[in-house]
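Read the figures in this text as sums done on the coordinates, not as results from a lab. The structure displayed is predicted, hence computed values, not measured ones. Ideal geometry is used to build each Cβ from the backbone, glycine not excepted, and the neighbour counts take in all protein chains shown.
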Amino acid sequence: MARESGVTLTSVSPEGVNPYQDYEKISLRIEAECQYHELGDFSSRVESSVVFMKIDQVRADKLSESLKGSGHLRVSMTIGVFRPTGLLEKIFQ
């Protein structure tokens, strides 16, 4: 998804797992660099993915023009990835 959107991932790290009755939510912290429209494309791909994912939090800071040129952002986001468990897991197998 990131590559197709033109987003450069600089870090991906797990933040924890929250269990619920029929599913679990795996939280991932993603650090990236991209332009504004690339961030929009990436966000759209994440939230319309076959795997159910939801963007929980986004922070975007403008990078210095001397570092990457005009319009580049440093982005930090938390994405929740949802995985069925229990009965739902059996239904979706």
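Go through the range 8-55 and give me each residue that's of a type in the set (Val, Ile, Thr) and under 11 Å from the mean Cα position of the chain (by Cα). Steps first, please.
In the first step, residues of the range 8-55 are kept if they are of a type in the set (Val, Ile, Thr); the result is 8, 10, 12, 17, 26, 30, 46, 50-51, 55.
Val12, Ile30, Val46, Ile55 - these are the residues of the range 8-55 that are of a type in the set (Val, Ile, Thr) and under 11 Å from the mean Cα position of the chain (by Cα).
Selection of first residues in the range 8-19 that are under 14 Å from Phe82 (Cα atoms) and of second residues that are of a type in the set (D, E, K, R), restricted to Cβ pairs under 6 Å at least 6 apart or on distinct chains, gives the following pairs, ordered by first then second residue: Glu15/Arg29; Val17/Glu24; Asn18/Lys25.
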